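Comments concern the structure below.
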Amino acid sequence: MRLISDQELSTMSTENKRRRHQELDKKLVVAESRGWACAHRIQASRAKVHDAILMDVKLGRDVEDKTQKRRDRIKVKN
């Protein structure tokens, strides 16, 4: 298990960070229950993602605009 990089976090949306945090939670539970040596790296990545989410919330980036579909690109069959 490799640590998540700052560059990866900077390009992720807040929603993707939340998903990653949930994935890391699940991996951490498994790693700790099985006594894997990588549990500390999973914990470090989880903490890093958690801090990035908190920073997004603090800066107001946690609310993301939904993209509008362009209607003119949709072809309608007659």
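Across the alpha-carbon atoms of region 1-56, the computed radius of gyration and Dmax are 11.1, 33 angstrom. Spin-label model, Arg18 to Lys58: label points 7 Å out along the Cα-to-beta-carbon direction sit 2.0 nm apart.
Each residue of region 16-21 is assigned a 3J(HN,Hα), and the resulting list reads 5, 5, 5, 4, 4, 4 Hz, derived from the Karplus form 6.51 cos²θ - 1.76 cosθ + 1.60 (θ = phi - 60°), x at Gly and Pro. The 1.4 Å probe gives accessible areas that order Glu32, Glu8, largest first, as Glu32, Glu8. Here the Karplus curve 6.51 cos²θ - 1.76 cosθ + 1.60, taken at θ = phi - 60°, turns the phi angles of region 23-28 into couplings of 4, 5, 4, 5, 5, 5 Hz, with x standing for Gly and Pro.
The values are calculated or read from the model by the stated rules, or taken from the named source; none is laboratory data. Not measured: the values here are computed from a predicted model. Every residue, glycine as well, gets a Cβ built from its backbone with ideal geometry; the counts of neighbours run over all protein chains shown. With ligands, DNA and RNA removed, areas are computed over all heavy atoms of the protein, side chains included. Shrake-Rupley method; radii C 1.70, N 1.55, O 1.52, S 1.80 Å.
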